[in-house]
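The values are calculated or read from the model by the stated rules, or taken from the named source; none is laboratory data. Only a predicted model underlies this, so the values are computations on that prediction, with no experimental measurement involved. When we count neighbours, we look across all protein chains shown, and the Cβ atoms used for this are built from the backbone with ideal geometry, even at glycine.
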Amino acid sequence: MMQPPPQLSKPSAAKAALPQQHHNALPDDETRFIIELEFVQCLANADYLHWLALNKYLDDPAFVVFLRYLNYWRRPEYARFLVYPQTLAVLELLGRAEVRKEIGRVQYKDFLQDQQLLQWRFYLNNRRRLADAGSPAGTEGERRALRALSKAGGTWSSALNEPPGPPLSVVDSGGGRAGVAASNAKRAEHQARI
């Protein structure tokens, strides 16, 4: 039977000062929390999922039970620590046997990577559209932040679609400081647009 999720509490100094009695002893809650956080975030990496499938970890019933156990990361008090929120979507996908089987195929792994990249690229634009439409999907704070970003001059996807800025080492034909100053001004202007 799996242990309950680690408790979120501050470690006591007395507990930290005690030596560990056995090499095989279970880690304390703080260590277990960090280990499970690192592991669950690795699941956002399609290459790692592909490796797990190729090495038959996703076929192991004990590993599947462990993946189900990791669903406690969906609870808000734990989810707030996730750097890669798509981890939660991947955990949901790994709950299905057909996904665990298909992730071993290179085409499926590439598809998952492409979907993650598209989500990262267009997420902000989609949120802005929802905020502009007055959708209740975003909080008031999110809508204000998106409006401020719009007023500041753009989005992440517009920055990705813009041509690159001027080269870093542009010097005028005379090779003097005027060319370097002009180059620095162009670079600053380009950065301001982004």
Report yes if some residue within segment 80-89 is modelled with pLDDT under 95, in a helix (DSSP H, G or I) and among the charged types (D, E, K, R); otherwise report no. no
For segment 38-90, how many residues are touching a Lys or Arg at 6+ places or on another chain (Cβ under 8 Å) and under 14 Å from residue 100 (Cα atoms)? 8
Which of the residues that make up segment 96-107 are in contact (Cβ under 8 Å) with a residue 12 or more places away in the chain and crowded, with 17+ Cβ neighbours inside 10 Å? 100, 103, 104
When you go through (1) at pLDDT 90 or above; (2) acidic (Asp, Glu); (3) outside the structural domain of residue 42 (by TED's automatic domain parsing) one by one for residue 132, which number turns out not to apply? (1)
Please determine whether any residue of segment 91-104 is touching a Pro at 6+ places or on another chain (Cβ under 8 Å) and among the aliphatic types (A, V, I, L, M). no
Given the condition assigned to a helix (DSSP H, G or I) and closer than 18 Å to residue 5 by Cβ, answer yes or no: does some residue in segment 48-58 qualify? no
For segment 52-72, indicate whether the set of residues that are loosely packed, with under 13 Cβ neighbours inside 10 Å and within 14 Å of the chain's Cα centre (by Cα) is non-empty. no
Would you check if residue 69 is part of a loop (DSSP other than H, G, I, E, B), in the same structural domain as residue 35 (by TED's automatic domain parsing), under 23 Å from residue 51 (Cα atoms) and not hydrophobic (A, V, I, L, M, F, W, C)? no
Hey, can you tell me all the residues within segment 102-115 that are out of contact with any Phe, Trp or Tyr (no Cβ under 9 Å at 6 or more places or on another chain) and in a helix (DSSP H, G or I)? 106, 107, 108, 109, 110, 111, 112, 113, 114, 115
